[in-house]
Amino acid sequence: MQYGYFDDTMREYVIERVDVPVSWTNYIGVRDMCAVLNHTAGGYLFYKSPQYHRITRFRPNGVPLDRPGHYIYLRDDESADFWSLSWQPTAKPLKHYSCRHGLSYSTYLCDYGGIRASQTHFIPLDDPIYLIDVTLENTSDQVRSLGLFAYAEFSYHHIDFDNQNFQMSNYCSSSSYEGGIIEYDLFYEPDGYQWAATCFEPDSFDCLRDRFIGVYNTESNPVALQNGECSNSFEKTGNHCAALHKQIYLLPGEKKRFVFMIGEGRREDAQDLRTKYSNPEARDTARAELAAYWQNKLNALQIATPHAGMNTMLNTWTLYQGEINVMFSRFASFIELGGRTGLGYRDTAQDAMCVPHSNPGKCLSRIKELLQGLTSRGWGLHLFEPEWFLPPTEKKTPAKSPTVVPVPDTSDMIREDLRDTCSDDALWLIATICEYIKETGEFSLLDEQIGYADGGEGSVYEHMTKILDFSAEQVGATGVCKGLRADWNDCLNLGGGESAMVSFLHAWALDYFVELCRYLGKTEDEAKYLEMLEGVRATCERELWDGKWYIRGITKNGMKIGTQESDEGKVHMESNTWAVISGVAERSRGLSCMDAINAYLYTPWGLMLNAPSFTVPNDDIGYMTRVYPGVKENGAIFSHPNPWAWVAEAKLGRGSRAMKFYDALLPYHQNNKIEVRQSEPYMYCQFVMGRDHTAHGRARHPWMTGTGGWAYFAATHYMLGLRPDYDKFVIDPCLPGDWGGFTAVRRWRGATYNIEVRNPSGVEKGVRRITVNGSEVKAVPVCPEGSVNKVVVEMA
Ligand code: GLC
């Protein structure tokens, strides 16, 4: 069953059936202000921090699933009938509904009672203001008298204040109205203000939520809509809202445009912005700037392949997903409510690795934040606030509650006993730094001095050596890296037991580093870390090979996880894909272990993380064995590792196999299976229920997953084979044999490369000849900034 379609020209996903099984969301805003908004305009808005500075309220995990939101209501003042332009919250039988989720905006179209309406929600690039740009058209042959109501519910700023201790929270906020502008004030906070206004002088307003809605009503039938006007309420203390109402007339065929704005700051700050955005031209300009902002990112790479779904996803949606993760660091969604913020070490490192071409600035700032979160022993703080390492003058002070809650000392967060240390966290950063330099050519980064989380400082290069040395020290009985609190898999908790994945990751990071040393001419370090790499390789091949595939690890009691003899958790994605990606597995073993993935883990919905799922709890293995079978880390199609299998197959040269795996997970292909998938088909989800669950195929937790970044990285760098290197651009595709080729436009270090890959003899891998601007070359060089270059690659 299908609920909508991809509009490639507009780069929008268009939802035409409103009753999608779960919220289908979008992210509005790209800098400080952000709203998470669904297909019925439900959702919430925050400024900088979804933890400390929430602007509008959300009632999560609720019934119905999407309240409240940012709503425009219309009321026919003759019949007293009223409706909302986003279907919810009134849920009237609209003659037409559609929602177009685009790049940082959502547009809702609605036709009801002879009024055609559209509203676009967006946030201009440079102003902290949320806009709902509304157009109404009278399609009836009568003059219409309508009440237009704009409504949003304010939140207490701090997520904790908004969800508990109301003996305090309910008395810390106030609202007032003056000159058409509502001001919301959190008196405890020095800068705790928001404002709301429209382009018109309202006929009535409400600042008190319960007066607008009525205490026994809901957003579906607010008393203000029943009465046809608001009650001009405001007060110190209580629950507040911005409700602004205007009576308007529309002649037959007449169109009018309005705007509702929610701004950060005080009433004084509002005047200029209100004047500016009351002008429709300013709104059109802001929309155009936002579109140009995204176009510039997308222009870093656009592809045209024989695979329509791959084109749509890579050209727009998968990069969009990756970018949003880097911008908002995975903690604000309908699932993650914003109460857990800061940076997850491994997640941030992986997310940042995938966007240096489209977002070099953010990639670099994430790298530096992570380097500051590295201890001088070489492990990263698993979850931390970059702010901890800022000079005191630059720290934001989150609102403090008058209720005394002792604040932990953040120096306590660095626990020398490694009880919170994940064995993989910092290893990811090596590749991120190298990929950033390969993209930008900024080698000077390596010499920058950066502080360690526990004191002292060192160059970026030194930080990298500490990371590699830490993993070399933290090995268990057989020499394989210890699992510690967890590795990539949060639910594999091996402690002093050993993780195959981490040793392979260590090898991968070492391989990156040795290549870097070689390039820089640091021969001593090259030799030292090459020796370390050879040691890791030998240990892995000796201890982890099980005849047909690689085991997943060894518990602290010496039990091997993921062997041919295992009844449960027999084959695992992480160890087998990383054995190949790291370059450790010699070819026949690589082919064999990836065949095991195909045989045991493939489903038409993607690759499961492990199979069969665990059913018997075993605390030596960890939480994985206590997760229900087929769910999340126990035998679900955990999406994030799926692209690892595409990379592995591409490295092995099996393009059809890589594409088989790519296609299975691709949300685009599930657009007509929403009755099973449920979640939005334009986003990868954290996981899809595995074969051992009754809801096999149901996808959960869209957007905030490393899958977006990795899917993009794996498909562009390894399947299409378009990879920047330190001094050249590598083109080494691995394609299904029936692809005659593809074209791509890649921006790299200021030049444009118009790439044409030809595959006349239908091979899966292998490049016979490359020409740049007609001349044959061994590799594509760095071309002058501003130049446009024609690159032809012939496979054979
Ligand atoms: C979640 C976590 C991520 C972890 C993964 C597997 O996505 O954010 O850090 O690697 O689960 O457990």
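Some points to look at:
- For region 254-358, GluC sites (Glu not before Pro) meeting the loop criterion (DSSP other than H, G, I, E, B) and having at most 16 other Cβ atoms within 10 Å: Glu254.
- Above 19 Å, the calculated P(r) of region 556-610 contains 30 percent of its Cα-Cα pairs.
- Modelled label positions at Asp141 and Thr393, each set 7 Å beyond Cα in the direction of Cβ, lie 7.2 nm from each other.
- Among residues other than Lys765 with Cβ under 12 Å from its Cβ, the summed charge is +1 (Lys and Arg +1, Asp and Glu -1).
- Longest to shortest principal axis, alpha-carbon extents of the chain, angstrom: 81, 64, 53
- With the helix formula -39500 (n - 2.57) applied to DSSP H stretches of n ≥ 4, the chain reaches a computed 222 nm mean residue ellipticity of -8000 deg cm²/dmol.
- Here's how it looks for Cys241: its modeled amide H is under 5 Å from those of Phe154, Leu208, Arg209, which are all 5 or more places away or on a different chain.
- All Cα pairs of region 277-414, percent lying beyond 24 Å: 49 percent
- Principal axis extents of the Cα atoms in region 158-286, from largest to smallest and rounded to whole angstrom, are 52, 34, 23.
- Converting phi to 3J(HN,Hα) with the Karplus coefficients 6.51, -1.76 and 1.60 and the offset θ = phi - 60°, region 78-91 yields 7, 8, 6, 6, 9, 8, 10, 6, 10, 6, 5, x, 7, 6 Hz in sequence order, with x at every glycine or proline.
- For the set Lys466/Lys556; Lys651/Lys728; Lys362/Lys466; Lys368/Lys438, the pairs lying more than 21 angstrom apart at their alpha carbons are Lys466/Lys556; Lys362/Lys466.
- Judged by the ratio a/c of the largest to the smallest principal axis of the C-alpha gyration tensor, region 187-249 counts as oblate, that ratio being 1.5 or greater while a/b is no larger than b/c.
- When DSSP beta bridges are restricted to pairs lying wholly in region 13-121, around 100% turn out antiparallel.
- Amide H contacts of Gly338: Ser333, each under 5 Å away and 5 or more positions distant or on a separate chain (H built 1.01 Å from N in the peptide plane; Pro and chain starts excluded).
- Two-decimal log10 I(q)/I(0) for region 506-653, as the Debye equation yields it once each C-alpha is a single scatterer, q = 0.09, 0.18, 0.21 Å⁻¹: -0.31, -1.03, -1.26
- Positive-end extreme of charge dipole, the chain - chosen from Tyr188, Ser358, His53 (charges on Cβ): Ser358
- Surface composition of the chain: carbon plus sulfur atoms contribute 50% of the solvent-accessible area (1.4 Å probe, protein chains only, all chains present).
- Each part reduced to its alpha carbon centroid, region 645-689 and region 166-208 end up 46 Å apart.
- The chain: antiparallel DSSP beta bridges as a percent of all, rounded to 5: 95 percent
- Residues whose amide H lies under 5 Å from that of Asn789, counting only those 5 or more places away or on a different chain, are Thr752, Tyr753, Asn754; hydrogens are built 1.01 Å from N in the peptide plane.
- Once exposed loop chymotrypsin sites (Phe, Trp or Tyr not before Pro) are cut out (DSSP; at most 13 other Cβ, 10 Å), longest piece of the chain: 217-796
- A viscosity of 0.890 mPa s and a temperature of 25 °C, combined with the Kirkwood radius over C-alpha pairs in the Stokes-Einstein formula, give region 663-739 a diffusion coefficient of 173 µm²/s.
- Two-decimal log10 I(q)/I(0) for region 231-336, as the Debye equation yields it once each C-alpha is a single scatterer, q = 0.10, 0.11, 0.14 Å⁻¹: -0.59, -0.69, -0.96
- Contact order, relative form, for the chain: 10 percent (alpha carbon pairs under 8 Å, 6 or more residues apart, mean separation divided by residue count).
- For region 240-345, lysine pairs separated by 8 or more sequence positions, or belonging to different chains, with Cα-Cα distances below 21 Å total 4.
- R0 of 60 Å, Cβ-Cβ distance Val63-Asp272: FRET efficiency to nearest 0.05: 0.90
- Relative contact order, percent, region 15-58 [alpha-carbon distance under 8 Å, six or more residues apart]: 26 percent
- According to the Kirkwood relation over distinct C-alpha pairs, the hydrodynamic radius of region 692-796 is 15.3 Å.
- Excluding ligands, DNA and RNA, the accessible surface per residue across the chain is 35 Å² with a 1.4 Å probe.
- Within-12-Å neighbourhood charge of Arg377 [Cβ basis; K, R +1; D, E -1]: -3
- Remark: region 322-476 projects, on average over all directions, an area of 10.7 nm² (convex hull of Cα atoms).
- What the Cα atoms of region 579-723 give is an Rg and a Dmax of 15.0, 44 Å.
- Overall dimensions of region 587-631, expressed as equivalent-ellipsoid semi-axes from the Cα gyration tensor (√(5λ), whole Å, largest first), are 24, 14, 6.
- Mean Cα-pair separation over length for region 71-195, i.e. relative contact order, pairs under 8 Å, 6 or more apart, %: 17 percent
- In the chain, a dipole from Cβ-located charges (positive for Lys and Arg, negative for Asp and Glu) runs towards its positive end, and of Val777, Pro736, Phe661 it is Pro736 whose Cα lies farthest in that direction.
- Counting only residues at least eight positions apart within a chain, or on another chain, the lysines with an alpha carbon under 29 Å from that of Lys673 are Lys92, Lys95, Lys632, Lys660.
- Arg747/Tyr216 FRET efficiency (R0 56 Å; Cβ-Cβ; nearest 0.05): 0.45
The values are calculated or read from the model by the stated rules, or taken from the named source; none is laboratory data. Since the structure is predicted, the reported quantities are computational estimates derived from the model, not experimental observations. Here Cβ is always computed from backbone atoms with ideal geometry, including for glycine, and neighbour counts include all displayed protein chains. Quick note on the areas: whole protein, heavy atoms, side chains included, nothing else; ligands and nucleic acids left out. Shrake-Rupley method; radii C 1.70, N 1.55, O 1.52, S 1.80 Å.
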